[in-house]
Structures are given as C-alpha cells and as structure tokens.
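Asker: I have a structure I would like to understand better, so I am pasting it below and will then ask my questions one at a time.
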Amino acid sequence: MKKLLISALSCLMMVSVFSSCEKKQNDGPDSTKKYFNIECSNVEDLSAQVTVTPTDMSLTYLFGVMQSADFNSDTITSRLTKEFFDAMLKSYEKVYNQKFYYADLLRIGKTELTFDDLEPQTEYTAFAVALDTVSFKLVTSVETVAFKTLELTIRGKKEITFDELEYVDNLQKGGWWQIFGDSPLKDNQFYYITVSPVKTNKAEGTYTLEDMDLDYTFLRRYTLNGNDTMVEQIPFIAGAFELKETTEGANLEATVVGKDGYQYTIHATGIFSSDEMEIIGEKELVFTDIDFVNAVETEGWWQIMGDSKAVNNQFVFISVSPVYTETVTGSYTMEDMDETFTLLAYYTINGNDTIVDAYVDFVEGEFNVTETETGATMEAVAIGNDGYQYTIKTTAILQEREENAPARRRVTVSRRKAAGLKKAKFQKL
C-alpha cells in the first residue's frame with residue numbers, strides 16, 4: 001500500500017479525510033511563529049478537502065499529506081534539497097514528456113485541494129513548510145494537522161466476468177503467479193484486470209490484499225475509441241481472491257472493494273496457461289534515425305526510442321529502456337527492462353498517426369547496446385506477444401535532443417493481452 005501520496009505535483013503528498021483535526025508545530029527556523037492556517041473539511045471515507053492559507057502570501061511552500069504512522073518532520077525536511085527537486089522534475093518530464101519547473105512542485109498563496117484517492121479509516125498528517133527556491137533553505141517550521149478518514153461506505157455493486165485471461169505460473173522460478181487480461185466488450189467499454197501475489201509456494205488457495213503485490217493487482221476501465229483510452233484505474237482496498245488450477249490454466253473468483261467505493265464480484269473461468277511459446281513468423285526492423293537518452297548517471301536509466309521508415313503507409317515505433325543500470329553498453333534481457341517503455345507500436349499514416357494494431361510487448365529477447373561518440377547503437381532478437389520473432393537493428397541513434405527540438409513520442413502500455421495469441425510465455429508485468 002502506498003505510504004506516501006502525491007498532492008498535485010508536489011512530491012511528498014496526498015491527503016485523507018478527517019473526522020477530527022489536531023494542530024501542532026514542529027521545530028523549524030522559528031517554531032514559535034504561526035506561518036500557515038491548515039483546515040480540513042468535507043470529510044468522507046475516500047475524499048477530503050484541505051485548505052492551506054499562509055500568513056505571508058509571498059511564501060513558496062510545500063504542502064502534502066502522509067499516513068501519520070510514517071510521518072516524521074525531520075525526514076521531510078531532510079529530503080527538501082535541490083537534488084531532490086531536480087530529480088522530481090526529471091521524473092515528471094520523463095513520464096509526461098514536457099518541461100516542468102520548481103513552481104510546478106511548490107505552492108504560493110492560498111491552496112484549496114480536494115483529495116479523492118484516500119483510504120478509509122486511516123490516520124494522516126497534512127503538513128506545510130516554506131523554503132527558499134534559490135538556496136532551498138527552510139524559511140518556516142513544519143506545521144501539521146492530524147486527521148482520520150471515515151468508515152468505508154459501499155456505493156454500489158458491480159459484477160464482471162472474464163472468459164479469456166492469461167495465467168502465468170512462475171512458482172518454481174520466482175515464487176509468484178499472475179492472471180491478467182481484458183473482459184469482453186460491453187457498451188463500448190471493457191475492463192482490464194491483473195492479480196498477482198507477492199510470493200507464494202502454491203497457486204491454489206484464497207488470497208487477501210495483504211498477500212498481493214498491489215502494483216500488479218487492480219482493475220482498469222477502458223473505452224473503445226480507436227486508441228483504447230483508459231478511463232480510470234481502480235486499486236483494490238479490501239476483499240479476497242480464490243484461485244483454482246485447472247488442466248488448461250486456472251479459474252479465479254473474487255469479491256473485492258475498489259477504491260472507487262464499489263464492491264466487485266469477479267468471475268474468471270477458462271483462464272489459459274501461458275507456459276509455452278508459439279512463434280508464428282519472423283520480422284526484421286531497421287531504425288536509422290531515433291533518439292538515445294542517457295540518464296544513467298542521474299537516475300540509472302537510458303532509453304532508445306523512435307520511428308522506422310514508412311512502408312506501405314505504415315511505420316513502427318520502438319522504445320527500449322532498462323529499469324536500472326550503471327552503464328549503457330551491455331547485453332540486456334527482458335528481466336532488466338522497464339516494460340512500460342520497452343515495446344513496439346504499429347502506426348498508419350493518416351494525419352493522426354493512428355495505431356492500427358495493439359501494442360507489441362516483448363516477452364523474451366536479448367538487447368545488445370553499444371555507446372558511441374554520437375549516441376548509441378542497438379541490435380536485438382526478441383519475441384513479441386503477437387507471436388513473431390523480431391530481429392531489430394538501429395544505427396545513427398542520436399543523443400538527447402535540444403530543449404526546443406520536436407517532442408518525442410511517448411508511449412505507455414495500456415493493454416498487455418496478446419492479439420489473437422493463445423499461448424505465449426509472458427514475463428511478469
């Protein structure tokens with residue numbers, strides 16, 4: 001469960017709802033002076049409103065919320081360094097592909113925020129602290145308000161049936177299993193589900209959320225509009241999952257409560273095993289002018305991305321990036337890769353460059369990268385979840401482009417179901 005939540009773009013925060021508030025001040029530059037008036041209102045089970053009013057409207061301040069059990073003002077202030085904020089800016093720029101500034105991470109003047117991603121019956125601490133954006137020294141002490149969310153109210157019940165999901169049994173190798181995939185299309189919408197425990201010695205059994213890896217246990221709701229746009233991601237906050245293995249794979253039954261306040265009854269039958277690999281063909285892709293971003297020294301990652309030349313009015317976008325590395329040159333497998341940024345996407349040229357096929361996720365492969373004076377080159381042999389083995393060659397990869405250069409395409413994976421492929425060896429998402 002996330003202990004540290006995010007309030008707007010601030011870095012350390014989020015809020016919870018209060019049934020009661022208790023104000024206090026911690027040691028700081030002048031702990032006897034009151035710098036902020038922090039108020040909480042509209043307390044519910046999953047949302048709350050927090051208002052921060054500085055006594056000096058020129059103050060630049062950080063405002064956030066943490067679970068009270070984890071809150072420590074000394075820990076907060078020790079992290080407020082220029083290096084911390086620089087890392088946050090780079091992280092946001094990587095995710096959103098746009099420029100961010102210190103002002104995007106901090107507040108000035110009166111702030112009123114409603115937080116609607118809270119956990120019920122949980123104690124939180126809202127805090128505010130001002131700092132100088134040149135020296136990054138604290139200008140004020142840390143001021144706080146303690147609060148607690150209300151008991152969860154079930155807003156309604158929903159039943160979802162999945163009949164064609166992937167089941168990955170990796171118990172012998174890594175001590176985990178995973179089920180994931182899409183529901184049938186209904187009313188132009190579908191759900192994506194993924195369920196996986198942290199570590200287990202067996203597949204069959206009943207699992208609670210405490211057993212689950214919550215990064216891989218949630219629902220997503222999509223609308224079908226040509227690009228399969230995600231409407232919302234729904235983490236689970238209560239409930240249990242019952243898994244039964246079959247000769248084909250597994251069946252799953254669950255009654256869980258989502259963070260949207262709804263109780264979900266989930267049926268998943270006919271889940272097919274993905275222990276075997278079927279290669280249905282081979283493809284060769286050559287990329288001659290794509291981007292190379294080297295962030296190894298600052299954040300421990302690099303990324304290669306860009307488009308192939310158009311053939312028959314189509315082109316292919318590729319992105320490859322490891323989770324963490326100390327070097328660029330080397331040989332990498334899918335276990336080393338950040339799968340959100342390691343994929344192919346086929347586009348058709350029609351004015352909007354619309355994706356014509358589902359994203360192709362790599363499920364196995366080896367990526368050999370060599371750093372050069374101007375950037376890097378890469379050769380790879382990888383198997384996609386579309387059943388094809390891809391031979392990939394890149395040349396003339398450029399270093400990271402200048403700030404005013406055209407924006408790169410950024411792709412995040414929304415669906416990981418194989419397009420028409422019933423047996424494939426999938427890595428953990």
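Please treat every number below as a calculation from the coordinates, not as lab data. None of these values were measured; they are calculated from a predicted model. Ideal geometry is used to build each Cβ from the backbone, glycine not excepted, and the neighbour counts take in all protein chains shown.
Asker: Give, rounded to the nearest 20 debye, the magnitude of the charge dipole that segment 152-235 has about its Cα centre when Lys and Arg contribute +1 at Cβ and Asp and Glu contribute -1 at Cβ.
Answerer: In total the dipole reaches around 220 debye.
Asker: Please turn the phi angles of segment 101-114 into ³J(HN,Hα) values with the Karplus equation 6.51 cos²θ - 1.76 cosθ + 1.60 (θ = phi - 60°), one per residue in order, whole Hz, x for glycine and proline.
Answerer: With the stated coefficients, segment 101-114 comes to 10, 4, 4, 6, 9, 10, 10, 9, x, 6, 10, 10, 10, 9 Hz.
Asker: Starting from the Cα of residue 213, step 7 Å along the direction of its Cβ; do the same at residue 314; then give the gap between the two resulting points in nm.
Answerer: The answer from the label model is 3.2 nm.
Asker: Counting only residues 5 or more places away or on other chains, whose amide H sits under 5 Å from the amide H of residue 323 once H atoms are built in the peptide plane?
Answerer: So residue 323 has HN proximity to 337, 338.
Asker: Right, here's the next one. Counting only DSSP beta bridges with both residues in segment 156-273, tell me the antiparallel percent, nearest 5.
Answerer: 85 percent
Asker: Which value, in Å to one decimal place, does the Kirkwood hydrodynamic radius take for segment 156-273 when every pair of different Cα atoms is included?
Answerer: The Cα-based Kirkwood calculation yields 14.4 Å.
Asker: Pop the C-beta distance of residue 296 and residue 157 into the FRET formula with R0 = 51 Å and round what comes out to the nearest 0.05. Write out the running numbers ahead of the final one.
Answerer: On the way: r = 49 Å, r/R0 = 0.96.
The value I calculate is 0.55.
Asker: May I have the extent of the alpha carbons of segment 22-148 along their three principal axes, as whole Å values ordered from largest to smallest?
Answerer: 37, 36, 26
Asker: Report the gain in length on full extension from residue 323 to residue 388: 0.36 nm times residue separation, minus Cα-Cα distance, nm rounded to one decimal.
Answerer: Using 0.36 nm per residue and subtracting the Cα-Cα distance, I get 21.0 nm.
Asker: Now for a separate question. At 0.36 nm per residue, minus the direct Cα-Cα distance, what do residue 223 and residue 267 gain on full extension? Give it in nm, one decimal, please.
Answerer: Full-extension gain reported as 13.8 nm.
Asker: Work out, in µm²/s and without decimals, the Stokes-Einstein translational diffusion coefficient of segment 95-202 at 10 °C, 1.306 mPa s, Rh from Kirkwood over C-alpha pairs.
Answerer: Numbers: Rh = 19.9 Å.
The estimated diffusion coefficient comes to 80 µm²/s.
Asker: Let me ask something else. What is the calculated FRET efficiency for residue 289 to residue 93, with r their C-beta to C-beta distance and R₀ = 25 Å, to the nearest 0.05? Numbers along the way, then the final one.
Answerer: Working: r = 22 Å, r/R0 = 0.90.
The computed FRET efficiency comes out at 0.65.
Asker: Obtain the nm distance between the two label points defined at residue 185 and residue 244 by a simple spin-label model: each point lies 7 Å from its Cα along the Cα-to-C-beta direction.
Answerer: Result for the modelled spin labels: 3.2 nm.
Asker: Short version: what are the Cα gyration tensor semi-axes of segment 95-147, square root of 5 times each eigenvalue, largest first, in whole Å?
Answerer: Over the Cα atoms of segment 95-147, the semi-axes work out to 24, 19, 10 Å.
Asker: Here is a further query. Non-local amide H neighbours of residue 200 (under 5 Å, H modeled in plane, Pro and chain starts lacking H): which ones?
Answerer: Amide H neighbours of residue 200: 176.
Asker: Any chance you could check the Cα centroid distance between segment 325-339 and segment 33-77 for me, in angstrom?
Answerer: Going from one Cα centre to the other spans 40 Å.
Asker: Suppose a student asked you for the relative contact order of segment 173-330, using Cα pairs under 8 Å spaced at least 6 residues apart; what percent would you report?
Answerer: Working: 292 pairs, mean separation 18.9, N = 158.
Once divided by the residue count of segment 173-330, the mean separation gives 12 percent.
Asker: Another one. How large is the dipole of segment 281-398 about the Cα centre if only Lys and Arg carry +1 and Asp and Glu carry -1, each at its Cβ, rounded to the nearest 20 debye?
Answerer: Dipole magnitude for segment 281-398 comes out near 420 debye.
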